[in-house]
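S.K.: One structure, as structure tokens, below. Some questions next.
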Amino acid sequence: MKTMNSSKETHGISRRHFITTAGLATAAICLAPRRLFAGTVSPVTTIREAAATAKITITKLRGNVSVLEGSGGNIGVLAGRDGKLLVDAGIPGTRKGITEALTSIGPEPVRHLVNSHWHFDHTDGNEWLYSEGAEITAHVNTRKHLSEETRVADWQFTFPPAPAGALPTREFTDEYKLHLNGTTLALKYYLPAHTDSDISVEFPDADIIHVADTLWNGYYPFIDYSTGGSINGSIRAAEDNVIRTTSNTIVIPGHGPVGDRSDLIKFRDMLVEIRDRVSVLKKKGMSLAEVVAAKPTADYDAKWGTWVIDGKTFIWLVYQGV
Ligand SMILES: [Zn+2]
């Protein structure tokens, strides 16, 4: 997936843009208006293929917790005598790079995997890691979406049921605690936000939280209305994240660089402001095209719209939910 015949701009995002940004975090799954990809390859396919050449970077955080970036969503790693625990599984195209990164952290095998939500850029590696001996823990809705055929309209993609070896082996509905490697991990359901399966994974001893795709740090996020996501649910989760953290907390986002509480606040404030602006315009009876023409995100786009979701696409995602 090195060359693209078409870089035709549609709604502000080109396929070429996809390929170049795909290397950055491989899967920041763009999720643009469905017509954007009409007649073209789904971004799901593009991102899966791009993962083969993605570079994995390792960052040590605190208390035996590290983060791997470059294969789908950010992968949290807790190392220790009970085996490694991963938060999210990446994309198998990057298996070699992930394996090398994990080996550089320590020799112990992966024994536990937590899925932050059901999206492919966080779960495609499930079958591989299960075959290596990992238990898989996730919210019940992650197991549900992986178990059955699931279409994401904005990606123009229908996911077939995942193979049995990719399904979570342990599921929960509200909260779940894991005790291993001398510490405790607290898993908590957000209620529907980016999807209806998002959970946070807290490492209380290290004061680190992986917040799934309820934070795209510094970027407009995708919102998956096809499986229960919404702008208002996303805002509720963003507010929850601010309440649950302090200035000492290290925040691992689903996509974008590792951050802190100030990033959560900026992200929440951006979501609220744009939701309010788009809502006012829609309630005046304006069509999507009219709202886009009014440029309600103009003063945000240079900062937030530089990755896979640009201002126009984000307006579409907000407009659907107000
Ligand atoms: Zn996602």
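The values are calculated or read from the model by the stated rules, or taken from the named source; none is laboratory data. Treat the numbers as computed from the prediction; the structure is a model and nothing was measured. Neighbour counts are summed over all protein chains in view; Cβ atoms, including those assigned to glycine, are modelled from backbone coordinates with ideal geometry. Note: areas computed on protein heavy atoms with side chains; ligands, DNA, RNA excluded. Shrake-Rupley method; radii C 1.70, N 1.55, O 1.52, S 1.80 Å.
S.K.: Those residues that are over 17 Å from the mean Cα position of the chain (by Cα) and in contact (Cβ under 8 Å) with a residue 40 or more places away in the chain, I need them from region 61-82; list them, please. Steps first, answer last, please.
M.R.: As a first pass, look at region 61-82 and keep what is over 17 Å from the mean Cα position of the chain (by Cα): 61-66, 78-82.
Correct list: Leu61, Arg62, Gly63, Asn64, Val65, Leu78, Ala79, Gly80, Arg81, Asp82.
S.K.: Give me the pairs, please: first residue somewhere in region 142-155 and closer than 14 Å to Asn115 by Cβ, second residue anywhere and surrounded by fewer than 18 Cβ atoms within 10 Å (Cβ to Cβ), beta-carbon distance under 6 Å, and either six or more positions apart or on two chains.
M.R.: Close Cβ pairs satisfying both conditions: Arg143/Glu171; Ser147/Pro161.
S.K.: Which residue out of Val318, Val258, Val291, Val322 is among the β-branched types (Val, Ile, Thr), surrounded by 15 or more Cβ atoms within 10 Å (Cβ to Cβ) and touching a Phe, Trp or Tyr at 6+ places or on another chain (Cβ under 9 Å)?
M.R.: Val291
S.K.: Okay, next question. Inside region 238-266, can you point out the residues that are away from the ligand (no atom under 12 Å from the Cβ), closer than 20 Å to Thr123 by Cβ and in contact with a helix residue (DSSP H, G or I) (Cβ under 8 Å, 6 or more places away or on another chain)?
M.R.: Of everything in region 238-266, just one residue is away from the ligand (no atom under 12 Å from the Cβ), closer than 20 Å to Thr123 by Cβ and in contact with a helix residue (DSSP H, G or I) (Cβ under 8 Å, 6 or more places away or on another chain), namely Gly256.
S.K.: Sticking with this one: Pick out, from region 116-200, the helices (runs of 4 or more DSSP H) lying fully within it that include 3 or more residues that are surrounded by fewer than 24 Cβ atoms within 10 Å (Cβ to Cβ) and out of contact with any Phe, Trp or Tyr (no Cβ under 7 Å at 6 or more places or on another chain). Steps first, answer last, please.
M.R.: Numbers: elements: 120-123, 126-131, 140-147.
Those helices (runs of 4 or more DSSP H) span 126-131, 140-147.
S.K.: Filter region 90-118 down to the residues that are within 16 Å of the ligand (Cβ to nearest atom) and farther than 12 Å from Arg48 by Cβ, then identify the one that is farthest from the chain's Cα centre (by Cα).
M.R.: Filtering region 90-118 for residues within 16 Å of the ligand (Cβ to nearest atom) gives 90-91, 114-118.
Still in the list and also farther than 12 Å from Arg48 by Cβ: 114-118.
Numbers: Val114: 13, Asn115: 10, Ser116: 8, His117: 8, Trp118: 9 Å.
In this case the residue turns out to be Val114.
S.K.: Kindly evaluate Gly76 against the criterion of being among the small types (Gly, Ala, Ser) and open to solvent by 10 Å² or more (accessible area, probe 1.4 Å).
M.R.: No, not satisfied.
S.K.: Filter region 191-220 for residues that are away from the ligand (no atom under 13 Å from the Cβ) and of a type in the set (Gly, Ala, Ser) and give the result.
M.R.: Ser200, Ala206, Gly218
S.K.: Being part of a helix (DSSP H, G or I) and exposed (fewer than 15 other Cβ atoms within 10 Å of the Cβ) is the filter; apply it to region 273-286 and report the residue that is farthest from the chain's Cα centre (by Cα). Write out each step before concluding.
M.R.: So the first thing to find is which residues in region 273-286 are part of a helix (DSSP H, G or I), and the list is 273-283.
Going one step further and asking which of them are exposed (fewer than 15 other Cβ atoms within 10 Å of the Cβ), we end up with 273, 276, 280, 283.
Working: Glu273: 22, Asp276: 24, Val280: 28, Lys283: 30 Å.
Ranking the candidates gives Lys283 first.
S.K.: Additional query: Give the residues of region 220-238 that are in contact with a strand residue (DSSP E or B) (Cβ under 7 Å, 6 or more places away or on another chain) and open to solvent by 10 Å² or more (accessible area, probe 1.4 Å), sorted by residue number.
M.R.: Quick first cut of region 220-238, residues in contact with a strand residue (DSSP E or B) (Cβ under 7 Å, 6 or more places away or on another chain) only: 224, 226-227.
Correct list: Ser226 only.
S.K.: OK, next. Show the residue pairs that are 6+ apart or on different chains and have beta-carbon atoms under 8 Å apart, the first residue being within region 296-322 and within 10 Å of Tyr219 (Cβ to Cβ), the second being among the aliphatic types (A, V, I, L, M) and part of a helix (DSSP H, G or I).
M.R.: Hits for this filter: Trp304/Met270; Trp307/Leu24; Ile309/Leu317; Phe314/Ile274.
S.K.: In contact (Cβ under 8 Å) with a residue 12 or more places away in the chain, open to solvent by less than 20 Å² (accessible area, probe 1.4 Å) and at negative phi: does that describe Asn241?
M.R.: Yes; evaluated as a whole, the condition is true for this residue.
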